[in-house]
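The structure under discussion appears below in the form of structure tokens.
The values are calculated or read from the model by the stated rules, or taken from the named source; none is laboratory data. The structure presented is a predicted model; accordingly, all values stated were derived computationally and were not measured. Here the Cβ positions follow ideal geometry from the backbone for every residue, glycine too, while neighbour counts run over all protein chains shown.
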Amino acid sequence: MCKQKIHKLLLACGLLFFLLGCEGKESNSEYQSLYQLFSDLKITLDTQPESIYLFIPYRGCNTCVDSSKQLAVSHLDNSKMKVIFTSLPPRKILQHDLGDLLEHRNLYLDTDNLAFKSGLVHLHPMAVFTDIAGEIKDVRYVAPNTMETLAVISDFLD
């Protein structure tokens, strides 16, 4: 009788540890494809300060992309923000649109369209928020029904 209780208790403890272990793995894997994308793009996530990585598909929702580009250009000197353009047009169009900003230290060009190919960025810009340890803490999209994301980004940068 006592052996059965001990056996049940051990089984319950093992199940509890298994479930807790799985929970941690799920939350970590939630952003695994984003970590892989940053690695593929050869972008190291900053530590100190908290940062925003704004992925802007050049060919996407016009309103969302134009509003995101405007925000990005106005805050490009802010060290808390990095801008990654993906789904790029020809270099001549980029040069016309962005001029000298193409060489800015906080601007990256996804010339191989890895963000688009990964399925993480399609028509709408994506903001990836990181903490001071360089860990991803939130992801938000800029879409017609989530334009407030731009205000969240602006508030974060001010």
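Being polar (S, T, N, Q), under 13 Å from the mean Cα position of the chain (by Cα) and not in a strand (DSSP E or B) is the filter here; which residues of region 28-76 pass it?
Within region 28-76, the first condition is being polar (S, T, N, Q), and the residues that meet it are 28-29, 32-33, 36, 39, 44, 47-48, 51, 62-63, 67-68, 70, 74.
Okay, now just the ones that are also under 13 Å from the mean Cα position of the chain (by Cα), so 32-33, 36, 39, 44, 51.
Residues satisfying the conditions are Gln32, Ser33, Gln36, Ser39, Thr44.
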Going by the structure shown, is Thr63 surrounded by fewer than 18 Cβ atoms within 10 Å (Cβ to Cβ) and either among the aliphatic types (A, V, I, L, M) or at pLDDT 90 or above (or both)?
yes
Quick one: is Asn113 in the same structural domain as Glu50 (by TED's automatic domain parsing) and under 21 Å from Ser39 (Cα atoms)?
yes
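Return the only residue of Ser87, Ser79 being touching a strand residue (DSSP E or B) at 6+ places or on another chain (Cβ under 9 Å), of a type in the set (Ser, Thr, Tyr) and under 18 Å from Asn62 (Cα atoms).
Values: Ser79 fails: under 18 Å from Asn62 (Cα atoms).
Just one listed residue meets the conditions, Ser87.
Please state which one of Ser118, Ser79 is in the same structural domain as Thr44 (by TED's automatic domain parsing), over 14 Å from the mean Cα position of the chain (by Cα) and not aliphatic (A, V, I, L, M). Before you say what the answer is, go through the steps one by one.
Details: Ser118 fails: over 14 Å from the mean Cα position of the chain (by Cα).
After applying the criteria, what remains is Ser79.
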Given the conditions (1) part of a loop (DSSP other than H, G, I, E, B); (2) touching a residue at least 60 places away in the same chain (Cβ under 8 Å), and given that Ser79 satisfies all but one, which numbered condition is not satisfied?
(2)
Has region 85-103 got any residue that is touching a residue at least 40 places away in the same chain (Cβ under 8 Å) and closer than 24 Å to Tyr35 by Cα?
no
Hey, can you tell me all the residues within region 127-158 that are more than 15 Å from the chain's Cα centre (by Cα) and of a type in the set (S, T, N, Q)?
Asn145, Thr146, Ser154
Name the helices (runs of 4 or more DSSP H) wholly inside region 86-158 in which the number of residues that are touching a Ser or Thr at 6+ places or on another chain (Cβ under 8 Å) and surrounded by 14 or more Cβ atoms within 10 Å (Cβ to Cβ) is 3 or more.
114-117
